[in-house]
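Readers should treat all values here as calculations from the given coordinates under stated rules, not as data from a laboratory. Please read all numbers here as calculations on a predicted model, not as lab measurements. Reconstructed Cβ throughout: ideal geometry from the backbone, glycine too, with neighbour counts over all protein chains shown.
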Amino acid sequence: MKNTTLLTLASTALLAGPLSAQDPQVPSNEELARRIDVLGEAIDFSGNNSKFSFGGYGEATYRNWASKTDGGAPSGKSDEFDLHRVVFYFGYQFDDVWSFNSEIEYEHTDQLAVEFAQIDGHFSDALNFRGGHVLIPMGIVNQMHEPTTFFSARRPLVERYILPSTWHENGVGTFGASGDLSWEAYIVNGFDAAGFDPSSSGLRGGRQGGDKAGAEDLALTGRLDWRGVDGLLLGGSFYQGDSSQGVGANDFGVTVTELHAQYDHGPMRFRALWADATIDDADLLATPSASDDLSGWYLEGGYDVFANSDNGQSLTPFLRYEQYDLLESTSADTAVTAMVVGVAYQPQENVTFKLDYMDLGNDADTQVDVIEFTIGWAF
């Protein structure tokens, strides 16, 4: 069965598969081309050779919140066990050039969304077409967001607020690779400024997600990655566009930039990311903010203690430090820090159990620490 490879193929906007416990390196351009070829040889439900493909992933998370804030006040948080998401992948290979890939997501058992649904035209290594509902090509997690691809029980905070994963919009563009470089560029519908609440949720509220998305304002987004050293990925991406969607006198221009790095060496993996965002005239939003600027960064490292064993398992203690500020340019110190310590266990590459403790802090001592446990899968 080719289902694992096919899910891996479809789950990133570059058709790049998720990191497994045994092979954590981001796939090369040659591997991407091989997976595209494999898609045309998928096995259907009847066991006959078919152009259809199917897969999925999901995660359920238990959260145990501290009863008090860092300052000693009641936290007001209740523990919960949430079936966060169940996602199904469907694909079809029309011929040697054209293919369709999609993911349908159920969140919290009652929220249905399309994470991506795109037509790809593969013309050459350097220049290809993609159109439909696409993943925004920014950061580390947004395009590789299966629970088996990152260590922690939940996605990094910076890639939830500054880069609002999972971030997907309607658009059209191109992708390709040459030598050690790969790239993507798309024109997509812009954010909707009416949904922004930057001081509490960053850019998350402005996402339109493809549902009758306003397109009075379009945006341009692009990404460039370099893999010139074995095990090393260096890259950056950008997003720029207005977000008023034709309402009111202000354009509410949004600019987002980020730099990312990943290095895999034997049992070790290191990740680093920096992101910066600006919403012009944020004080005039429907939910105004005292600052136009948001920023964040994180460093993460893990070591697989089973890497040299023959049991096919992975046990990775990890540490991540991150900081984000949703009111960066104000006089007060509004930055939030997070120290995440945990362990990720994979009895095999498509199943993961992740436990971590997140120590949150800010200058006002209003943050609440949390222990989280996630059961995740991908197939």
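Observations
- Along segment 313-323 the Karplus relation, 6.51 cos²θ - 1.76 cosθ + 1.60 evaluated at θ = phi - 60°, assigns HN-Hα couplings of 10, 9, 9, 10, x, 8, 9, 9, 10, 9, 9 Hz to successive residues, with x for each Gly and Pro.
- Separation between Cα centres of segment 336-356 and segment 86-145, rounded to whole Å: 26 Å
- Positive-end extreme of charge dipole, the chain - chosen from Ser200, Asn64, Tyr89 (charges on Cβ): Tyr89
- Listed residues Gly121, Gly342, Gly246, most fluctuating in the chain (Gaussian network, C-alpha, under 10 Å): Gly246
- Here segment 297-320 is scanned for amide nitrogen atoms under 19 Å from the site 7 Å beyond the Cα of Ile375 along Cα-to-Cβ, giving 314.
- Overall, the anisotropy analysis places segment 169-322 in the prolate class: the square-rooted eigenvalues a ≥ b ≥ c of its C-alpha gyration tensor yield a/c not less than 1.5, with a/b exceeding b/c.
- Fluctuation leader among Pro164, Pro137, Pro74 - the chain, Gaussian network, Cα springs under 10 angstrom: Pro74
- Cα-projected label distance for Asp110 with Phe94, points at 7 Å along beta-carbon direction, nm: 3.9 nm
- Theoretical gain in end-to-end length, Asp283 to Asp333 [0.36 nm per residue, Cα-Cα removed]: 16.2 nm
- Per-bin percent of Cα-Cα distances, the chain [10 Å]: 5, 23, 33, 27, 10, 2, 0
- Phi to ³J(HN,Hα) by Karplus 6.51 cos²θ - 1.76 cosθ + 1.60 over segment 175-186, Hz, x for Gly, Pro: 8, x, 7, 8, x, 8, 9, 9, 8, 8, 7, 9
- Inter-part distance, segment 301-331 to segment 219-240, computed on C-alpha centroids, equals 21 Å.
- Taking Met268, Met144 and counting other C-beta atoms within 10 Å, the order from fewest to most: Met268, Met144
- For the chain, size of Cβ-based charge dipole, Lys and Arg +1, Asp and Glu -1, in debye: 820 debye
- Multiplying the residue separation of Val341 and Ser67 by 0.36 nm and removing their Cα-Cα distance gives an extension gain of 96.7 nm.
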